[in-house]
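I have placed the structure first, in the form of structure tokens, so that the comments after it can refer back to it.
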Amino acid sequence: MQCGVKVSEIRNQKPQKLLPLRHPARSRHDEACPQTGPKAHNPKYDRIFEISTTVMEAVISLTDIRKSYFLGKQELPVLKGIDLKIARNEYVALMGPSGSGKSTLMNILGCLDTPTKGQYILNGKDVSRMEDDELADVRNTEIGFVFQQFNLLPRLTAWENVALPLIYAGAGKAEREERAKAMLEKVGLADRSHHKPNELSGGQSQRVAIARALINNPSLLLADEPTGNLDTKTSVEIMDLFSKIHDQGNTVVLVTHEEDIANFTRRIVRIRDGVVESDLLTSQQPAIKEKSSHGI
Ligand SMILES: Nc1ncnc2c1ncn2[C@@H]1O[C@H](COP(=O)(O)OP(=O)(O)OP(=O)(O)O)[C@@H](O)[C@H]1O
Ligand SMILES: [Mg+2]
């Protein structure tokens, strides 16, 4: 059964009054829906949660984002008009078939690429109009990016990898080492700080990459298939870590092919053929009958 309404429908409504500043996602689970028993959610809280995201400042606001690649003179349109708002402390999964444009969209969200057309406002700044050096600045201060392949530098130790963004931020060596080791401790890797990437497991490597993404306290944590190279148990551990990071107040957007991984998040945006096909709270998703390849 579907308790509630689509995110886009609610977003177009005017909030009637300011809502109390509670943790929005948690509050909708505080009280069970009386008709559907203790495990179901209360639709009243879906509504409060969604209206509160319209009141809260959007971290991400995309309007008619389009992206084409050009092969010679031939245009290959990939994103064909994406409208999307993500508020502070949301936890969102982007899903969709292979080739639908998820990574293209994530690269734009992460300021690794720019749209061909459309507007991207990140924390109130129009980044779609920025030059490369301004974008590099935004990337370093506002965004943490986690990749499927971890992208650690092989010659550096775990703590040196985590500290890399601090070099660009101008921190001295002692401060870099102290902060990087503290961050490794937060992701459960205090005892691996002097290991090189080839001395770490896949899950440990991804934890190092997550620590590196968080080292500058970004306002947005992005992850493109962060569990794509991991086994089931390790995937769950990494998702537990993302959930903890979200619970601490961070805004998290990740791409996944796995329904079970997406179910760790609070909202699932499905992309198909370069447009948003659906945008629903995780609790509103139709039941998935097929087991994922992870089998979680
Ligand atoms: N640099 C590029 N030049 C030309 N075409 C590209 C480029 N990058 C991506 N594409 C094309 O854009 C489309 C979308 O690619 P994208 O990587 O965003 O898909 P995706 O949804 O992330 O897929 P997957 O789930 O397989 O990772 C694909 O058809 C791809 O071939
Ligand atoms: Mg991709």
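What follows draws every value from the coordinates through simple rules; no lab data is involved. Fair warning: this is a prediction, and the values are worked out from it, not measured in the lab. Glycine also receives a Cβ, built like all others from the backbone with ideal geometry; neighbour counts cover every protein chain displayed.
Table for the structure above
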item: Inter-label distance for E199 and K186, nm, one decimal - labels placed 7 Å from Cα along Cα-to-Cβ; result: 2.5 nm
item: DSSP bridge pairs, the range 210-294: antiparallel proportion in percent, nearest 5; result: 60 percent
item: Trypsin sites (Lys or Arg not before Pro) within the range 189-296: DSSP coil, no more than 15 neighbouring Cβ in 10 Å; result: K289, K291
item: Global geometry of the range 129-227, whether rounded, prolate or oblate, following the gyration tensor of its Cα atoms and the 1.5 cut on a/c; result: oblate
item: 5 angstrom amide H check on T251, placed H, neighbours 5+ away; result: N89, L221
item: Pairs from K85/K117; K80/K125; K80/K117; K102/K125; K85/K125 whose Cα-Cα separation, in the structure shown, is over 19 Å; result: K80/K125; K102/K125
item: Dipole of the range 112-206, positive direction: furthest Cα of A158, V146, I121, with charges on the beta-carbon; result: A158
item: Alpha-carbon centroids, the range 78-141 and the range 214-252: separation in whole Å; result: 18 Å
